[in-house]
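Take a look at the structure set out below.
The values are calculated or read from the model by the stated rules, or taken from the named source; none is laboratory data. Note that the coordinates shown come from a computational prediction; the quantities given were computed from them, not determined experimentally. When we count neighbours, we look across all protein chains shown, and the Cβ atoms used for this are built from the backbone with ideal geometry, even at glycine. Each accessible area value is taken on the protein alone, full model and side chains, heavy atoms only, with ligands, DNA and RNA left out. Shrake-Rupley method; radii C 1.70, N 1.55, O 1.52, S 1.80 Å.
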Amino acid sequence: MQARQNNQSLQRTRSITFIGLSVALLAVSAWITIPLGPVPFTMQTFVEVFVLLALRSRESIATAVAYLVLGSLGLPLFSSMRGGIGVVAGPTGGFLIGFVIGTLAAVLFLKLLGNRRSIVVEYAAAVILLIVCYTCGWLQLSFVTGMGPAAAFVAGIAPFIIIDLVKVALAVPVARAVRKAVGHDRAVTLPSKG
């Protein structure tokens, strides 16, 4: 009984540590900014896919939510070291919201496939995350700026598609290697209580 409690405490501590480190990685990846019109170029897509696939499902969802909430509260976690609800409600806030919704959608996709994990499945989950982020970002950019849908797509999505696909292509094998190194195999479940 004591050994099981110690193991659960250790697992909880590891999860909190991984979530905290992942939020920090997301912040650093957002600070690497190259302005490209209304939507800046950052390294966030790489880290978002990495977080989705390197962490356990609950940890990746918790990371996405914690990043959005802490940034919304004013911590300078977003691009160009900005924070606050104004950023989330602004032209690029849809991409931030899309990260949370996209992570949920990709985790659901992975859960539906259960133990049938392959690199192809993980690339598909990463593309789901990317599509949801793009959709949310595109809609909010169009709504907040008053751009038409086509103009918002050209300004906020089109310049990033190729480079984001490259980031996805790199993030998936890196996440798989890290997950294997830290023993975060999603196919392995912890014993249930009782």
Residues that are open to solvent by 30 Å² or more (accessible area, probe 1.4 Å) and hydroxyl-bearing (Ser, Thr, Tyr), drawn from region 131-180: Tyr134, Thr135, Thr145
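What helices (runs of 4 or more DSSP H), lying completely within region 1-113, carry at least 3 residues that are open to solvent by 40 Å² or more (accessible area, probe 1.4 Å) and under 21 Å from Tyr123 (Cα atoms)? Before you say what the answer is, go through the steps one by one.
Values: elements: 2-31, 44-54, 57-72, 85-89, 93-113.
Passing ranges, in order: 93-113.
Any chance region 181-188 includes a residue that's among the β-branched types (Val, Ile, Thr), surrounded by fewer than 15 Cβ atoms within 10 Å (Cβ to Cβ) and at pLDDT below 90?
Of all residues in region 181-188, those among the β-branched types (Val, Ile, Thr) come to 182, 188.
Among the residues that remain, those that are also surrounded by fewer than 15 Cβ atoms within 10 Å (Cβ to Cβ) are: 182, 188.
Pick out the ones that are also at pLDDT below 90 and you get 182, 188.
Scanning region 181-188, I find at least one residue that is among the β-branched types (Val, Ile, Thr), surrounded by fewer than 15 Cβ atoms within 10 Å (Cβ to Cβ) and at pLDDT below 90, so the answer is yes.
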